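See structure below.
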There are 6 protein chains.
Amino acid sequence: MEFTHIDERGRAKMVDVGSKEDTLRIAVARASVQMEPKTLAMVAERKMKKGDVLAVAQVAGIMGAKKTSELIPMCHNIFLTGVDMDFEIDEKNACIHIEASVKTIGKTGVEMEALHAVSVAALTIYDMCKAVDKNMVISDIRLVKKIGGKSGTYLREGECIEG
Amino acid sequence: MEFTHIDERGRAKMVDVGSKEDTLRIAVARASVQMEPKTLAMVAERKMKKGDVLAVAQVAGIMGAKKTSELIPMCHNIFLTGVDMDFEIDEKNACIHIEASVKTIGKTGVEMEALHAVSVAALTIYDMCKAVDKNMVISDIRLVKKIGGKSGTYLREGECIEG
Amino acid sequence: MEFTHIDERGRAKMVDVGSKEDTLRIAVARASVQMEPKTLAMVAERKMKKGDVLAVAQVAGIMGAKKTSELIPMCHNIFLTGVDMDFEIDEKNACIHIEASVKTIGKTGVEMEALHAVSVAALTIYDMCKAVDKNMVISDIRLVKKIGGKSGTYLREGECIEG
Amino acid sequence: MEFTHIDERGRAKMVDVGSKEDTLRIAVARASVQMEPKTLAMVAERKMKKGDVLAVAQVAGIMGAKKTSELIPMCHNIFLTGVDMDFEIDEKNACIHIEASVKTIGKTGVEMEALHAVSVAALTIYDMCKAVDKNMVISDIRLVKKIGGKSGTYLREGECIEG
Amino acid sequence: MEFTHIDERGRAKMVDVGSKEDTLRIAVARASVQMEPKTLAMVAERKMKKGDVLAVAQVAGIMGAKKTSELIPMCHNIFLTGVDMDFEIDEKNACIHIEASVKTIGKTGVEMEALHAVSVAALTIYDMCKAVDKNMVISDIRLVKKIGGKSGTYLREGECIEG
Amino acid sequence: MEFTHIDERGRAKMVDVGSKEDTLRIAVARASVQMEPKTLAMVAERKMKKGDVLAVAQVAGIMGAKKTSELIPMCHNIFLTGVDMDFEIDEKNACIHIEASVKTIGKTGVEMEALHAVSVAALTIYDMCKAVDKNMVISDIRLVKKIGGKSGTYLREGECIEG
C-alpha cells in the first residue's frame, strides 16, 4: 500500500500515564460569579423561583466533577475518592465565591475535576438566577492548590489557602 | 396519614415551559483564557504535546453544548439546530477569546448551552496547556446576545457584536 | 444468500410513535422509603454526614427524569417541559413519601420519566442514610395519574390526588 | 474580603474514602414487580409487543449498575468486576422477583449499584408491560447481603439467601 | 483589541438546520460480522458464556441509536420516533447480518443513528464472542435506504430492500 | 414461595473478573472507510463544510474509547491510561485507514475500547462527508494486536504491525 501520512503536528492524544505511580492527589480550584446586589440577596434569602441556588449548585458541582472526562476530551476517566464544595456569599463585592476540593489516589492529577466542578457550579448559579439578572459574569476560574505527582505541590501566589 | 410538609422555601424544580411558544432562539456567549505569552505562542504554533489545542477545544465546546442539560440540573433537555464556535488569539493581552453561538427553535432560550460551550472549550484549553502553565485563569464567561422568547432581544453593553 | 431468520418471538424494539399526535402529557408517580424512626429524625433535622438528604434527592430526581431514556432501553428520548418533586415526612409510619410530576407536549406519555424520578430520589435517600440504617426498604413505586394520549386519563384507585 | 459563610448544616459532599482499604466487596439486592396474572402470563410466554421483557430487563439492570454514580449524586464512580442478575416468575403471588449481585475490589461498598440494578430492571419490566397494565407496583427494593469493608457482613433478616 | 484570527479552514461546526422542514425521515443501515463457523453455531445455539448474543446486541443497538449525538461530534441531538433491528444468521458465509431501521419526524436525517445502531450491535456481538474467536471482522457498515428531506429518497444499488 | 425459574440458557451477565491480575494491557484495532476519490480529496484538502474531518474524528475516537462500557452492555467500565489514534489517507484504494491503540493496567483487556474507538472515528468521517457521498462503506473493523492477560499476546496474521 502507498500511504500519505497526515500531518503529525498537533495530532491529539490522551497521553499514556501507565508508568506514573499511584499517589494521593489533591486539587483545589476556585471561581466567582459576579451579580447585582439584589440578585445576591435573593440567593442568600433563597427566594429564587427555581429553588435554593447554592444547594442545587453544590450537587451540580459534585456530579460535574465525576463527569469531567466525558466533557474534556483528553482527560483520563478516573475514580475520585472525595469531592467537597464550599460557597461564600461576598456582599461587599456582590459575588459568590466557589471552591471545590477533589481527591484521589491515582496516576493523574485531579485539577481538571476541581476546575470542572467550580465551573459547573457557577453555571448552575447563573441558570437559577438568569430570570432576574442576565448580566452575571463568571470569572477567575483557577487552580489554587495541587498536591501529589511528579511535579510536587503547587500553591497559587496571592491566594488565601487553608490547611 | 399525618404528614409534616417539608419547607417549601427553595424547593428546586425544572419550571414548566409548556405554555411557551416555539420561536427561533439564538444565544451568543464569550469567555477568555489568560495565559503566559510563551504558552500562547505554543498554542498558536500547535506545539502542545497533547495536540492542536484549538481544534480539540472546538469539538469539545460543540459536544459540551449538547450535554448542557445533563450537567445543569434545572436546565431543559432541548434539541439544538446549530452550534458554532470561534477562537481568537489575542497576543497583546496574552489570552484566547472564545465565542459560542447556539441556535434552536423551541420553548426555552439557549443561554446555558452557549455559556456551557465556552466554559467547556476554556477548560479544554486549560487541560491541554496545563503541563507547561498552571497559572492560567478562565474569566469573563458571559452572555453577550440573546434573541427570541418573551423577554425579547438582549445585547450586553460594551460588547462588540457582529450582525 | 441463504438466510436462517432468527426467532421473531420476543424481539425487542422501540415502537414507532411517529403517527401519534403531539398533545399535553402529564404523569404523576409516587414511592415510599421506609426507615427506622431514628433515621427519619436525622433526615428531618438534616443531620446526615453526607448532607441535606431531601435537597439532594430532589435534584437527583429531576436530573434522573431527564436521563430516563438512557436507562430504560425501549423508552423514547423526549423533551420534558417541566419536572416537579415533592417529599413528605410521615412520622407515623416512619417513612418518606416521594411524588414526581412530569409534563411534556409530545407523542409519548411520560410515565416512565415520573417513575424513574421517584425511583432515583428514593435511591438517593437510601444512599445518604445507609451509613446509619441498612434496613431501609423502597416500596410502592407506582403511577398515580396520567393525562393525555389516546388512552385518556388514568387515575389510580385509592390514591389521594390533588388538582 | 468579608465573607458570610453559608449554613454548613446539611451541606452535601461526596465523602472521602481515600483512607479505606481495597477489599473484595459484594452486594446483593432484590425487588419485586406486582402485576395482574394475565400480564405475568404474557411476560412468561414472551408475548409483549415491545419484546422479551426479562431479556431486556436483564441487560438494562447490568447497564444500570454501571451508571449508578451518574444518577446518585454522592455515590463514588467505581470499577465493577462483575454483575449478575436473576429473575423469578412467581405465579402464586402474581409478581416477578428480581435479584442483582454486584462485585468489586475497591474502597467502597456496592450496595447502591445492586439496588440501582434491580430498580432499573423493575422499571424496564414496567415499561415493556405498561401498554396492557398500568396498575403494576414496584416494591421491596432492599439490600439483602453485603460483604466486605469495615462494617463487615450484613445479612437481612428473614431473607432466603444462597451461598 | 488586536486579534489574529485563526485559520478558518476546516473549522468544525454543527451546521444550522433551523430552516429545514419537519418531515418524516427514515434510514436503514446494515453491517456484517464475519466469524468462524464454530463461533456462529455457538451464537445460534445460545451457548456463549456471556449470554444470548443476539438478544443483547438488539438492546445495545437500540440504546446506541439514542446515544448517537453523544458520540458523533457534529451530529444533532434529535428525538427518534422508532428503532427496529433485525439479525440474520448466514451459515453459508459464516457471518451475521445486522439491519437497523430508524424513524423520526424532524429537521435532519437519521442515517447516523441507523449506522451507529448497527455498529454498536456488531461490536456487542464481537464482545460476547471474543473469548472463543479473536479473528472476527466487522464489515460493510453502510446506508441502504434513506427517505425524507430535501435530497429525497436514496436506495443503495445492489441491495435487496423490502417495502 | 413457589418459583418457576426462567430459562438459564443465554442469560446475559457481566462476568466477574475480580480474580484476574492487574497487568499491562494493550490493544490495537483498525478499520477502513471507503469513499469516492473526489470525497477523499476533499478530506485531504480540508474542504468539507462541517470542518476538518480527521481532526474531529480523532477527538471522537478518543472520547469514544472512554465511553465503551456505556454502549457495549457486558463490557467492564475501566480506567484507560492512554489512547492514541492514527489516520492514513490511501489514495490508491480511495479509503482512509484508522488505527487506535489503547492501554491500561487492569483486570480486563481493552480490545473493545480499541474497536469502539476506530468505529466511532469511522462513523464521524462518514457523518462529516455524507453531504457529498452517501455510498461510503466502513469495513474491516478488526483487532490487530493484543498484549497482556492470561491468553497472552495476539497478533492478527497478515497485518503489518509496528513495534
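The values are calculated or read from the model by the stated rules, or taken from the named source; none is laboratory data. The shown structure was predicted, so the numbers you read here are calculated from the model rather than taken from an experiment. Here Cβ is always computed from backbone atoms with ideal geometry, including for glycine, and neighbour counts include all displayed protein chains. For the accessible areas, the whole protein counts, side chains as well, though only heavy atoms, and no ligand, DNA or RNA atoms are used. Shrake-Rupley method; radii C 1.70, N 1.55, O 1.52, S 1.80 Å.
Residue C:134 satisfies every condition listed in (1) farther than 21 Å from residue D:149 by Cβ; (2) over 19 Å from the mean Cα position of the chain (by Cα) except (1). If you check residue B:113 against the conditions, is it under 11 Å from the mean Cα position of the chain (by Cα) and under 30 Å from residue C:104 (Cβ atoms)? Against the criterion (under 11 Å from the mean Cα position of the chain (by Cα) and under 30 Å from residue C:104 (Cβ atoms)), residue B:113 qualifies.
Of all residues in the range C:40-56, those satisfying the criterion of being without any contact (Cβ under 8 Å) to a residue 12 or more places away in the chain and either of a type in the set (D, E, K, R) or within 9 Å of chain D (Cβ to nearest Cβ) (or both) are C:45, C:46, C:47, C:52, C:55.
Here is a yes/no grid of residues against (1) open to solvent by 10 Å² or more (accessible area, probe 1.4 Å); (2) touching a Ser or Thr at 6+ places or on another chain (Cβ under 9 Å):
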residue: B:37; (1), (2): yes, no
residue: B:41; (1), (2): yes, no
residue: B:55; (1), (2): yes, no
residue: B:60; (1), (2): no, yes
residue: B:83; (1), (2): no, yes
residue: B:93; (1), (2): yes, yes
residue: B:112; (1), (2): no, yes
residue: B:129; (1), (2): no, yes
residue: B:133; (1), (2): no, yes
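Taken as a whole, the range F:78-88 holds no residue that is among the polar types (S, T, N, Q) and touching a helix residue (DSSP H, G or I) at 6+ places or on another chain (Cβ under 9 Å).
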